[in-house]
Amino acid sequence: MMKAMGRLALEGGPKTIDSPLPTIRNASGRTIGDEELKRVQRVLESGNLAYIYGQTVSEFESSFARLTGVDHAVAVSSGTAALHTALVYLNPDPGDEIIVSPITDMGSVIPILYQQAVPVFVDVDDFNQNLDPNLLESAISERTRAIMVTHIFGSPADMDPIMEIARRHNLVVIEDCAQAHLTEYRGKIVGTIGDLGCFSFQQSKHITTGDGGMVIAREDNRFERPLRLCFDKGWPREKPGRDHRFLAPNYHMTELQAAVGLAQMGKYSSVISARRDAAEELDRRLSGETGITPVGTLPGCKQTYFYYCFRLDLSRFRVDGCRFVSALRAEGLECELGYPGPIPLYLYPMIRDKKTFGSSGWPFTSPAARQQWEYPAGLCPVAEQACRETVVLPWNERLERHHIALVAEAILKVCKAYREGCA
Ligand SMILES: Cc1ncc(COP(=O)(O)O)c(C=O)c1O
């Protein structure tokens, strides 16, 4: 039932949402049931849980490759592992540079650091908070090897100009689709536009295996070593005996994860349409509120709503983003200020303070690098402002109209209470 808008819960008034909304943290916001159970049971009964002796992981890989329309898919243990596998495949020299967005998960940057390459942050487009193609060219140096493009929140980056620049400079494009399963950019599924596409199946993603990931590629001969060896200790298992051709981690997905993944594959279309319906309903309910604007999606593209995000016009409110989010939380709405938090990635200690390998500060200070790398505040001003002004709502396929009515009510209540000029 709608409660009269009034005093904020943060200031002692009644809470708008007094029973929990569906969440990805448990069954209330996930679609996991009998089919997953049956497939997992089959694997358990087989007595083999390991990728190297089973068929379930390779079935999951084939199914994902068919869905995305590529020739090659390799399943791994997480989204971070997928991006690391892609970088092991690329095989940069220490000190080489990888262009990356400051608005992404740390899982995009960790693999760059483990490969002793350097992340070069390029600011984002204010409209959709994805890499700004207009700023890309000036960040390219003779050491740049790849552009890692995150499609943030489920909304695609502007791939046409990015690909044009990449091709002109002979750079590899790695698409980070962890948040953008089946997102479409002008008729193409993201992950299939660049050279490699990387996905995460962590608990909050469109489909989940708890943790897990996938790398897809149209061709598997872009570099001198096969993609499959890049997450398997550099070991060509089809040959008898041991061999380790090059340095590579073990990021196997298990048969149990793949069993869940296979069952989840059939749910993509209902999950994505439910996420979209809920987002459109919230768009509609918030459309009259002038102080907030949903984060944009490029024309001709289809967003898949990993999160629902809106931007605050702080000139219209008498509080900052932090207070606004605290008030929403007090109303019972789970939300965060900014992604990946109120500051962009490079301001977290791992990067800003170079907390990497012992006290070396490598790769940022490595003699192999072109320069000593620093990541001060102000490096990507558009991203920094976006992090301070964006409200991020976790989203899921179980949010129904009556839930959205409450979400909108909470947001509009906080907007009204903090509108500039209101006492
Ligand atoms: C954009 C992005 N990239 C990479 C990752 C890393 O994925 P995982 O958590 O599965 O390692 C995430 C996870 O949230 C993500 O959102």
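The values are calculated or read from the model by the stated rules, or taken from the named source; none is laboratory data. These numbers were taken from a predicted model, which means no experiment stands behind them. Don't worry about glycine lacking a Cβ; one is built from the backbone with ideal geometry, like all the others, and counts go over all protein chains shown. Just the protein is used for accessible areas: all its heavy atoms, side chains included, with ligands, DNA and RNA removed. Shrake-Rupley method; radii C 1.70, N 1.55, O 1.52, S 1.80 Å.
Between Leu37 and His244, take the C-beta separation as r, use R0 = 35 Å, and let me know the FRET efficiency to the nearest 0.05.
Computed FRET efficiency for Leu37 and His244: 0.40.
Hey, got a sec? Which GluC sites (Glu not before Pro) in segment 60-144 land in a DSSP loop and have at most 12 other Cβ atoms within 10 Å? The partial results should precede the final answer.
Working: sites: Glu61, Glu97, Glu137, Glu142; in loops: Glu142.
Hits after loop and neighbour filter: Glu142.
At what distance in angstrom do the alpha carbon centres of segment 144-205 and segment 347-423 lie from each other?
Measuring centre to centre over Cα atoms gives 20 Å.
Which order do the peptides 390-396, 380-386, 174-180, 40-46 come out in when sorted by mean C-beta neighbours inside 10 angstrom, highest first?
Peptide ranking by packing, descending: 174-180, 390-396, 380-386, 40-46.
What does the convex hull of the alpha-carbon atoms of segment 34-266 project to on average, in nm²? Please list the in-between numbers first.
Numbers: hull surface 49.8 nm².
Computing the convex hull of the Cα atoms and averaging its projections yields 12.5 nm².
Could you order Leu314, Leu131 by accessible surface area, starting with the largest, using a probe radius of 1.4 Å?
Result of the area sort, largest leading: Leu314, Leu131.
Relative contact order for the chain: what is it in percent, counting Cα pairs under 8 Å that are at least 6 residues apart? Could you put the intermediate results ahead of the total?
On the way: 881 pairs, mean separation 98.0, N = 423.
This gives 23 percent for the chain.
Sorted from largest down, give the three principal axis spans of the alpha carbons of segment 168-220, whole angstrom values.
On the principal axes, segment 168-220 reaches 39, 23, 17 Å in Cα extent.
Give me the Kirkwood hydrodynamic radius of the chain in Å, from all C-alpha pairs, to one decimal place? Walk me through the numbers on the way to the answer.
On the way: mean 1/r = 0.0444 Å⁻¹.
In the chain this quantity evaluates to 22.5 Å.
Here are some pairs, Lys38/Lys205; Lys205/Lys239; Lys205/Lys416; which of them have Cα atoms lying more than 27 Å apart in this structure?
As for pairs spanning more than 27 Å Cα to Cα, those are Lys205/Lys239; Lys205/Lys416.
Report the accessible area of Asp160, computed with a 1.4 Å probe over the heavy atoms of all protein chains in place, in Å² rounded to the nearest 10.
So the heavy atoms of Asp160 present about 80 Å² to solvent.
At a probe radius of 1.4 Å, what is the per-residue accessible area of Ile32, in Å² to the nearest 10?
The accessible area of Ile32 comes to roughly 100 Å².
What does the convex hull of the alpha-carbon atoms of segment 238-280 project to on average, in nm²?
5.8
Kindly provide the trypsin sites (Lys or Arg not before Pro) of segment 308-342 that DSSP labels as loop, not H, G, I, E or B, and whose Cβ sees at most 11 other Cβ atoms within 10 Å.
Here no loop site has a sparse enough neighbourhood.
In whole percent, what relative contact order does segment 34-266 give with Cα contacts below 8 Å and a gap of six or more residues?
In percent, rounded to a whole number, it is 27.
Roughly how much of Asp93 is accessible, in Å² to the nearest 10, using a 1.4 Å probe?
90
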